[in-house]
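> What follows is a structure written as structure tokens; I'll ask about it next.
The values are calculated or read from the model by the stated rules, or taken from the named source; none is laboratory data. Every value quoted in this text rests on a predicted model; they were computed, and no experiment measured them. Heads up, the Cβs are rebuilt from the backbone with ideal geometry, glycines too, and the neighbour counts pull from every protein chain shown.
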Amino acid sequence: MPKFYSGAEIVFKCLEDQNVSHIFGYPGGAVLPIYDELKNFNSIKHILVRHEQGAGHAAEGYARSTGKPGVLLVTSGPGATNAVTALTDAYMDSVPLVCITGQVPTHLIGTDAFQECDTTGITRPCTKHNWLVKDVNDLAEIMHKAFEVATTGRPGPVLVDIPKDIQFQKAQYKNYRKLKKLNGKSHNNFSQKNIDELISLITKAKKPIFYTGGGVINSGTKASELLRELVYATGFPITSTLQGLGCFPADDNQFLGMLGMHGTYEANNAMYSCDLMINVGARFDDRITGKIDEFSPKSKKVHIDIDPSSINKNVKVDLAIVGDIKSVLTSTLKTLKKSKNNFSKSNKHQISNWWEQIQKWRSKRSLDYIGSEETIKPQYAIERLYELTKDKDTYITTEVGQHQMWAAQHYKFNKPNRWMTSGGLGTMGYGLPAAVGVQIAHPKKLVIDIAGEASVLMTMQEMSTAVQYNLPIKIFILNNEYMGMVRQWQELLHDKNYSESYTAALPDFVKMAEAYGCVGIRAKTPEELDDKIIEMLNTDRPVIFDCLVDKQENCFPMIPSGKPHNQMLLGPKDQKEKKITGKGRTLV
Amino acid sequence: MANSKSAYSFAGKKQKPDTHIIVVWVDNEAGVLARVVGLFSGRGYNIESLAVAEVDQKQNISRITIVTTGTPQVVDQIKLQLKKLVPVHKVADFKREDKNVIFKEMALFKFVANNGKLNKAFEACKKFNPVILDKTNKSNVIQITALRREIDTMSKNLKKFGLVSVSRTGAVAMTRGSEIFK
């Protein structure tokens with residue numbers, strides 16, 4: 001007699017077979033049969049969040065810091081719609097998520113039943129694929145297929161919608177068979193000819209640059225190792241997008257810092273002036289390119305990406321290599337070593353003028369800011385946080401806004417998977433739940449959410465989750481009482497009309513921490529900052545750190561909108577020298 | 001200057017748009033048309049006409065024919081984005097001018113008029129394989145197959161013969177000769 005399992009059991013058997021150890025979720029009417037089954041599967045631990053968006057971001061943090069897919073389990077209707085922001089976020093930033101939603105029983109679908117919504121319809125544009133399970137006999141296959149779609153090719157979120165009656169019905173369990181041939185959606189079919197062309201461009205280039213992105217991190221830690229090897233073997237400069245930080249050591253001399261709207265002067269100018277741009281796993285996002293028509297006008301462009309639809313989407317490239325970064329870099333290194341052993345030495349002369357030019361740009365010191373002894377400058381706070389945590393293997397998450405850019409500029413990442421931030425969608429409220437997910441995956445590691453006071457209030461309720469599971473996450477709030485990035489744009493573009501960007505009636509974060517049952521620390525002056533940070537690091541419980549910073553500080557350097565890379569706006573020091581007057585400012 | 005007050009850059013140079021016929025082979029499953037059409041509307045692509053039906057009952061394959069206009073860059077994106085959808089098997093793309101491809105649309109015309117006019121209407125349709133599907137002493141329904149523009153002209157010109165209602169399909173396409181699209 002074959003054994004029959006309920007739909008709910010099949011869900012867990014699939015999760016077991018996929019080696020899922022943690023799921024983030026929130027129960028509700030339409031998923032109760034699945035929750036009922038939880039007690040029978042000890043290998044799977046459920047983390048109860050306080051809002052479904054939190055479940056999604058926590059799963060994202062889990063996925064990004066481990067490279068494994070994150071799993072969330074929510075109910076129908078509001079459960080599903082609350083998860084939409086996190087799914088869209090994961091879709092934009094290519095994070096593998098499997099979202100399981102409950103649905104009203106099959107016979108009630110389409111009747112506007114209680115907590116019914118068209119979940120697959122709503123999530124169609126923000127998932128790689130989704131399924132409504134109509135027959136319990138299809139459930140196991142769909143679940144396994146969901147994991148396959150989420151993790152292969154360019155990773156992303158998927159959703160499986162399971163009506164309540166299907167969760168009760170019984171069927172045989174179909175074991176997971178790893179298919180040799182994938183669904184035809186995974187592309188890794190570049191040729192040696194592509195690689196030879198790349199090598200030929202590399203050997204000819206006088207002003208080359210590597211421009212790397214999140215694809216390197218998604219390709220696994222080995223890809224980051226190979227990237228380092230290739231960058232050292234060529235002696236070329238390298239810059240990284242926001243999502244790519246960590247795949248190359250930030251304190252290495254060949255690293256020019258982040259590029260783009262708030263990237264460094266040297267990185268953006270090098271992008272503008274280069275003659276060879278090698279894009280490794282990035283997607284020519286509009287925050288990176290600035291004005292497209294004047295983006296790096298004189299360069300040959302190479303694009304290495306696993307997603308064919310990323311090629312020529314925003315920027316036309318001269319050589320496209322569609323494949324997994326790890327495989328492409330392996331082939332490139334092999335070919336380079338075979339044809340040009342000791343290339344970095346033999347090529348040193350050819351790119352020496354380029355490096356001289358880069359040093360000139362570097363000497364602008366575009367990340368400098370004017371320090372203060374009275375108020376804590378936000379950049380100083382990040383610098384101190386970095387100095388005091390750099391010897392630990394620290395995981396940083398962020399919210400979205402000025403603090404995020406300052407973190408990207410001033411915190412130096414040396415390893416992949418240590419930096420979790422919402423880049424594509426720019427979701428305020430991402431960092432706190434993401435930190436919960438990261439801490440679940442790495443219980444012994446230091447996890448810090450660098451936050452803004454406005455962002456963190458959007459998902460503050462997840463502190464309760466952190467307390468429940470004893471997750472000693474540190475919420476490091478750069479508190480300037482403003483939605484800082486909004487305020488900055490209003491100052492620069494809207495004649496200082498600070499419309500609704502000031503938050504009156506902020507909570508007392510220290511008391512709030514105490515109310516949640518965790519620890520609150522406040523730093524008011526630069527003098528006490530170090531001691532307070534050390535106090536935070538020595539606390540083995542969740543901490544909310546309220547760091548009161550300069551309220552007027554802006555995030556520089558900055559590429560004004562509609563401008564190319566070589567027309568950056570530098571910080572206040574430089575602005576004084578250049579005397580940008582009222583008229584110049586409206587051009588921003 | 002209004003534009004400069006934006007967090008986004010301005011639109012760059014525009015290429016010239018062309019009309020393309022995109023043929024998509026998909027699994028015939030719930031929601032598949034919504035996925036394809038949603039991709040077009042979500043990314044701001046055009047749909048001029050759409051024809052869809054199952055073509056292989058055994059393997060459950062439907063064939064979707066979409067007429068769209070776009071710059072070369074947009075048409076490339078359409079194809080690549082379509083290929084990423086899980087239920088999509090293959091995607092073909094033909095330019096409207098392509099001589100090696102046959103495009104056809106079908107139209108049904110209903111005429112209400114006297115016999116003389118009805119006969120003239122049928123005569124006028126002669127070039128487009130007319131078939132009379134229904135006839136009474138004061139009306140008839142004629143089916144024609146033709147190109148989009150031809151049907152456009154016909155439905156204008158036939159008004160004088162008592163054309164009261166037009167129903168038409170989207171374009172379908174097939175390559176000439178023995179070759180098939182793989």
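> Just to check your reading of the model, which residue among A:SER309, A:SER331 is away from chain B (no Cβ under 14 Å) and either among the small types (Gly, Ala, Ser) or not in a loop (DSSP other than H, G, I, E, B) (or both)?
The conditions single out A:SER331.
Condition check ((1) modelled with pLDDT of 95 or more; (2) over 22 Å from the mean Cα position of the chain (by Cα); (3) of a type in the set (Ser, Thr, Tyr)) across all residues:
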| site | (1), (2), (3) |
| --- | --- |
| A:HIS303 | yes, no, no |
| A:ASN314 | no, no, no |
| A:ILE325 | yes, no, no |
| A:THR332 | yes, yes, yes |
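> Write out, first by first residue and then by second, each pair whose Cβ atoms fall under 6 Å of each other, whose residues are 6+ apart or on separate chains, and whose first residue, in segment B:79-92, is more than 9 Å from chain A (Cβ to nearest Cβ) while the second is surrounded by fewer than 17 Cβ atoms within 10 Å (Cβ to Cβ) and assigned to a loop (DSSP other than H, G, I, E, B).
B:ALA92/B:PHE181
> State whether the residues of segment A:116-131 include one that is charged (D, E, K, R), closer than 23 Å to A:GLN169 by Cα and outside any helix (DSSP H, G or I).
Yes, because at least one residue in segment A:116-131 is charged (D, E, K, R), closer than 23 Å to A:GLN169 by Cα and outside any helix (DSSP H, G or I).
> Considering each of A:GLY235, A:GLY220, A:GLY257 in turn, give the residue that is under 22 Å from A:ASN347 (Cβ atoms) and either within 14 Å of chain B (Cβ to nearest Cβ) or among the small types (Gly, Ala, Ser) (or both).
None of the others qualify; the one that does is A:GLY235.
> Moving on to the next point. Tell me the residue from A:VAL447, A:VAL438 that is at pLDDT 95 or above, in a helix (DSSP H, G or I) and β-branched (Val, Ile, Thr), please.
A:VAL438
> Of all helices (runs of 4 or more DSSP H) completely enclosed by segment A:478-574, which ones contain at least 1 residues that are under 29 Å from A:LYS291 (Cα atoms) and away from every other protein chain (no Cβ under 14 Å)?
A:484-493
> With respect to A:LYS412, determine if the residue is part of a loop (DSSP other than H, G, I, E, B), more than 20 Å from A:TYR62 (Cα to Cα) and away from every other protein chain (no Cβ under 14 Å).
yes
> Within segment B:28-42, how many residues are more than 8 Å from chain A (Cβ to nearest Cβ), of a type outside the set (Ser, Thr, Tyr) and loosely packed, with under 15 Cβ neighbours inside 10 Å?
1
> Separate question: Answer yes or no: is there a residue in segment A:260-282 that is in contact (Cβ under 8 Å) with a residue 40 or more places away in the chain, surrounded by fewer than 20 Cβ atoms within 10 Å (Cβ to Cβ), over 22 Å from A:LYS207 (Cβ atoms) and not hydroxyl-bearing (Ser, Thr, Tyr).
Looking through segment A:260-282, none of the residues is in contact (Cβ under 8 Å) with a residue 40 or more places away in the chain, surrounded by fewer than 20 Cβ atoms within 10 Å (Cβ to Cβ), over 22 Å from A:LYS207 (Cβ atoms) and not hydroxyl-bearing (Ser, Thr, Tyr).
> If the requirement is being in contact with an Asp or Glu (Cβ under 9 Å, 6 or more places away or on another chain), outside the structural domain of B:THR68 (by TED's automatic domain parsing) and within 28 Å of B:THR19 (Cα to Cα), which of these qualifies: B:GLU150, B:GLU179?
Matching residue, one of B:GLU150, B:GLU179: B:GLU150.
> Among the residues of segment B:172-179, is there at least one that is under 19 Å from B:THR65 (Cβ atoms) and touching a Leu at 6+ places or on another chain (Cβ under 8 Å)?
no
> Can you find, within segment A:96-115, the residue that is surrounded by the most Cβ atoms within 10 Å (Cβ to Cβ) among those that are assigned to a loop (DSSP other than H, G, I, E, B) and polar (S, T, N, Q)?
By that ranking, first place goes to A:GLN115.
> Restricting the search to segment B:43-55, which residues are within 14 Å of chain A (Cβ to nearest Cβ) and within 19 Å of the chain's Cα centre (by Cα)?
If the condition is that a residue be within 14 Å of chain A (Cβ to nearest Cβ) and within 19 Å of the chain's Cα centre (by Cα), then B:GLY44, B:TYR45 are the ones that fit.
> Okay, next question. Any idea which of A:LEU446, A:LEU457 is closer than 14 Å to A:MET428 by Cβ, surrounded by fewer than 22 Cβ atoms within 10 Å (Cβ to Cβ) and more than 14 Å from every other protein chain (Cβ to nearest Cβ)?
A:LEU457
> Further, regarding this structure: Checking A:LYS326 against (1) touching a strand residue (DSSP E or B) at 6+ places or on another chain (Cβ under 8 Å); (2) more than 14 Å from chain B (Cβ to nearest Cβ), which single condition isn't satisfied?
The number of the failed condition is (1).
> Quick one: which of A:LEU139, A:LEU198 is within 29 Å of A:VAL328 (Cα to Cα), in contact (Cβ under 8 Å) with a residue 12 or more places away in the chain, assigned to a helix (DSSP H, G or I) and touching a helix residue (DSSP H, G or I) at 6+ places or on another chain (Cβ under 8 Å)?
A:LEU198
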